[in-house]
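K.L.:
Below: one structure in structure tokens.
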Amino acid sequence: MSIVLMTSSQMRELDRQAIDVVGIPGVVLMESAGRACAQVVKGYFSADGEGRVAVFCGKGNNGGDGFVTARHLVSADHDVDVFLLAEPTQIQGDAALNLGILERLGLPVQTLLGEDDLREIDWDEYDVIVDALLGTGLSTEVSGLMAEVIEHINAASCPVVAVDIPSGLSADTGQPLGIAVRAQKTVTFAYPKPGQVLYPGAEYTGELVVADIGIPSMLAPLKGEPAWVMEEEDISPLLGARDPDSHKGTFGHLVVVAGSPDRPGAAGLCCRAATRAGAGLVTLAGPRAVLERVLNGPVEYMGQTIASFEQLAAFCLGKNALALGPGLGTDPKSRELIKQIISSIRLPMVIDADGLNALAGEPTAFAGSTLPRVLTPHPGEMGRLLGISTTEVQQDRLGVARRLAHASQCVVVLKGASTVVTDPCGKALLIPAGNPGMASGGTGDVLTGIIGSLLAQGMDALSAASVGAMVHALAGDEAAAQKGQRALIAGDLIESLPDVFSRYEGLDDEDVEDDE
């Protein structure tokens, strides 16, 4: 099943319910959190090996988790130095209780209040550093002494284990707030956070360990739609098995409106991907000049010469879905055709590339149909649609994708590392597969063909978008494993699709569980 993600505010609500409604003392949750972190740290040492650990604690509950971690490491006979970036009198609540335990056990806690204190640390004597400085609630940029400590932690030669989240990293967006700890492992509590899966946060997080600290699974946040990380086992139930008496008409007819005389390759890639993704029939509809460039050999898709919108509208009658945009161009004639198609063609539709650029700054123009629609922008196209910069898109990929989905009333696939798929209600799926080799021309056209094919086969928009994005990413990984990332081209993804689909087609939930 998909892995649920919780934002910082949602986790605060779950903590509140666990403590105030269910009655689990906060100090019990803190004890479980610190014990889980200590267990991960101990994994760096042999069963009877000695190890020296530095635990850096802030003044909040994250620091309290660090105090518990330190106590359990001392109990396991490790040498532990605890550093506190605050006066002990500033520590309150459950964190103060655990600081008092350390003091009564005779474990000294060293305060770091200035650069002089920082210079006295011998960073080379530690085998592991534990980062318990700042938690998931951080919303302002890190500065001053805290930033200097993080700089030193990042410069250290030993592994770093982060408590709940690398300090300085936004739990919601994955963006470093000024500066953030780069951890080799992060022990997060109850649920992973979006910022630990989205890039660049995934790089700062390192290996993610999700620890059960006793928050009951039946509790749910009161506000906001959670996000999920899609898993491979989610694919098969959505694909379903094919009936033995099926024929090509069973699996839909996809119309592809793509390509131009100077960019015919986009149309060919889209059509080839659509046939590999299982559409019964695929037809490229466009000017003769495009068809002659694309249909120049034995291919499994058809061509239909179209000279006007009226001809296209007539041809689309009785078809099952339409893929629009790759390589069409941005000249006035193409833009007018795209707008007519979006406003008037009554088919499930996936819209990409120039199909999106034709309506830059007009996201609500996609909202005129009750039929399934999927938009597949890359960050630049997303920025043009919403009138913001690409940098702004990348700073909050999940939030921006939800914003476009709501404005357009379409399912949105924001392409890139950690592709985001979201629907108009805010449900979001993050795709954990894919690799940098896929950052080359044409791979987006392949995705458009896959999603269009799944729409033609009768999938709803969110299922077609999420399965399409996941299969596309897995095909990229399959191709990279065979040919390497540097040499990867879009056609390699298409050739890998049969291997990916064959792993999941015809399986039900029990088959997936048995296979595991």
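K.L.:
Could you check the stretch 63-82 and list, in sequence order, the residues that are within 16 Å of residue 149 (Cα to Cα) and crowded, with 22+ Cβ neighbours inside 10 Å?
P.N.:
Of everything in the stretch 63-82, those that are within 16 Å of residue 149 (Cα to Cα) and crowded, with 22+ Cβ neighbours inside 10 Å turn out to be 63, 66, 82.
K.L.:
Which of the numbered conditions does residue 364 fail, given that it passes all the others? Conditions: (1) buried (at least 19 other Cβ atoms within 10 Å of the Cβ); (2) of a type outside the set (A, V, I, L, M); (3) over 21 Å from residue 468 (Cα atoms).
P.N.:
Of everything listed in (1) buried (at least 19 other Cβ atoms within 10 Å of the Cβ); (2) of a type outside the set (A, V, I, L, M); (3) over 21 Å from residue 468 (Cα atoms), residue 364 misses just condition (1).
K.L.:
Exactly one condition in (1) small (Gly, Ala, Ser); (2) buried (at least 24 other Cβ atoms within 10 Å of the Cβ); (3) over 23 Å from residue 368 (Cα atoms) is false for residue 405; which is it?
P.N.:
Result: residue 405 fails condition (3) only.
K.L.:
Also: Any residue in the stretch 150-158 that is modelled with pLDDT of 95 or more and closer than 20 Å to residue 74 by Cα?
P.N.:
yes
K.L.:
Only residues that are in a strand (DSSP E or B), under 24 Å from residue 414 (Cα atoms) and of a type in the set (A, V, I, L, M, F, W, C): list them for the stretch 174-215, please. Working first, answer last.
P.N.:
Initially, the stretch 174-215 is screened for residues in a strand (DSSP E or B), giving 176, 185-189, 207-211.
This time we only want the ones that are under 24 Å from residue 414 (Cα atoms), so: 176, 208.
Once the filter is applied, which keeps residues that are in a strand (DSSP E or B), under 24 Å from residue 414 (Cα atoms) and of a type in the set (A, V, I, L, M, F, W, C), the stretch 174-215 yields only 208.
K.L.:
Out of all the residues in the stretch 244-262, which are buried (at least 19 other Cβ atoms within 10 Å of the Cβ) and under 20 Å from residue 337 (Cβ atoms)?
P.N.:
254, 255, 256, 257, 258, 259, 260
K.L.:
Which is at negative phi and touching a helix residue (DSSP H, G or I) at 6+ places or on another chain (Cβ under 8 Å), of 190, 227?
P.N.:
Sole residue among the options that is at negative phi and touching a helix residue (DSSP H, G or I) at 6+ places or on another chain (Cβ under 8 Å): 227.
K.L.:
Next question, about the same structure. Quick check on residue 94: is it out of contact with any strand residue (DSSP E or B) (no Cβ under 8 Å at 6 or more places or on another chain), over 20 Å from residue 210 (Cα atoms), in the same structural domain as residue 161 (by TED's automatic domain parsing) and surrounded by 20 or more Cβ atoms within 10 Å (Cβ to Cβ)?
P.N.:
Against the criterion (out of contact with any strand residue (DSSP E or B) (no Cβ under 8 Å at 6 or more places or on another chain), over 20 Å from residue 210 (Cα atoms), in the same structural domain as residue 161 (by TED's automatic domain parsing) and surrounded by 20 or more Cβ atoms within 10 Å (Cβ to Cβ)), residue 94 qualifies.
K.L.:
Select the helices (runs of 4 or more DSSP H) contained entirely in the stretch 223-296, then report the ones holding at least 2 residues which are at pLDDT 95 or above and over 30 Å from residue 16 (Cβ atoms).
P.N.:
265-276
K.L.:
Of the residues 429, 454, 371, which single one is under 24 Å from residue 301 (Cβ atoms), surrounded by 18 or more Cβ atoms within 10 Å (Cβ to Cβ) and not assigned by TED's automatic domain parsing to the domain that holds residue 169?
P.N.:
Details: 429 fails: under 24 Å from residue 301 (Cβ atoms); 371 fails: surrounded by 18 or more Cβ atoms within 10 Å (Cβ to Cβ).
Every option except 454 fails the conditions.
The values are calculated or read from the model by the stated rules, or taken from the named source; none is laboratory data. Model, not experiment: these values are computed from the prediction. Because the Cβ atoms are built from the backbone with ideal geometry, glycine has one as well, and the counts that use them run over all protein chains shown.
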